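The structure appears below as structure tokens.
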Amino acid sequence: NVTGNLTGNSTVGGTLGVTGLITASAGVAIGGTGTDNTLDDYEEGTFTPTFNQGFASPTYSQQVGRYTKIGRTVQFHLHIDINTVGAAAGVQWKLGGLPFTSANVGYVWGGAFSVYTGGVHDDSFSNKVYWAIGPGQTTVLAYKASGGLMLGTNVSAPTGGFYIAGQYLVSA
């Protein structure tokens with residue numbers, strides 16, 4: 001048993017057994033010493049999802065968001081239930097509150113998401129709503145499967161929850 005501190009760049013050969021916390025303020029290099037091989041950012045937390053537009057004056061019974069950020073990748077899960085909405089707004093649904101701004105690398109389309117939108121449907125193409133995160137955004141955007149933007153005027157009033165899980169990149 002040894003107690004002590006290693007400073008600078010350190011290499012350990014063989015097997016290192018540790019009980020307790022290892023703190024590496026400059027990151028941990030795995031499989032090489034270059035920047036691409038260094039894990040230097042890990043974070044878990046919560047956020048509050050909210051509809052920024054698409055519904056007028058929504059009230060919520062659930063607004064729960066959780067995320068894990070590893071390096072540049074953010075994985076998130078959210079659950080949001082709308083109790084009431086005012087008159088539907090004729091603008092695209094935007095579900096905001098994501099914890100980090102997405103990288104400016106283009107859209108992340110529905111293939112990156114697992115979605116359940118209970119009780120909500122596109123009047124022109126039942127139960128097919130696709131979601132995407134635009135470049136430089138903290139919002140998830142809704143699109144109709146039949147083409148075009150998902151507008152507040154295209155849907156029946158929500159009667160169930162939105163459960164969305166996805167991932168996106170943030171800037172370096």
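General observations
- The selection criterion, being open to solvent by 70 Å² or more (accessible area, probe 1.4 Å), in contact with a strand residue (DSSP E or B) (Cβ under 6 Å, 6 or more places away or on another chain) and over 20 Å from V74 (Cα atoms), holds for N52.
- A single member of V105, V18, V74, V91 is farther than 21 Å from P135 by Cα and not hydroxyl-bearing (S, T, Y), and it is V18.
- Test result for G96, at pLDDT below 95, open to solvent by less than 40 Å² (accessible area, probe 1.4 Å) and under 13 Å from the mean Cα position of the chain (by Cα): yes
- On the stretch given as the range 15-71, residues that are part of a strand (DSSP E or B), polar (S, T, N, Q) and under 19 Å from the mean Cα position of the chain (by Cα) total 7.
- Criterion (of a type in the set (V, I, T) and surrounded by 15 or more Cβ atoms within 10 Å (Cβ to Cβ)) met by exactly one of I70, I30, I82, I22: I82
The values are calculated or read from the model by the stated rules, or taken from the named source; none is laboratory data. Just so it is clear, the model here is predicted, and its values are computed rather than measured. FYI the Cβ positions are ideal-geometry reconstructions off the backbone, even for glycines, and counts take in every protein chain you see. Just the protein is used for accessible areas: all its heavy atoms, side chains included, with ligands, DNA and RNA removed. Shrake-Rupley method; radii C 1.70, N 1.55, O 1.52, S 1.80 Å.
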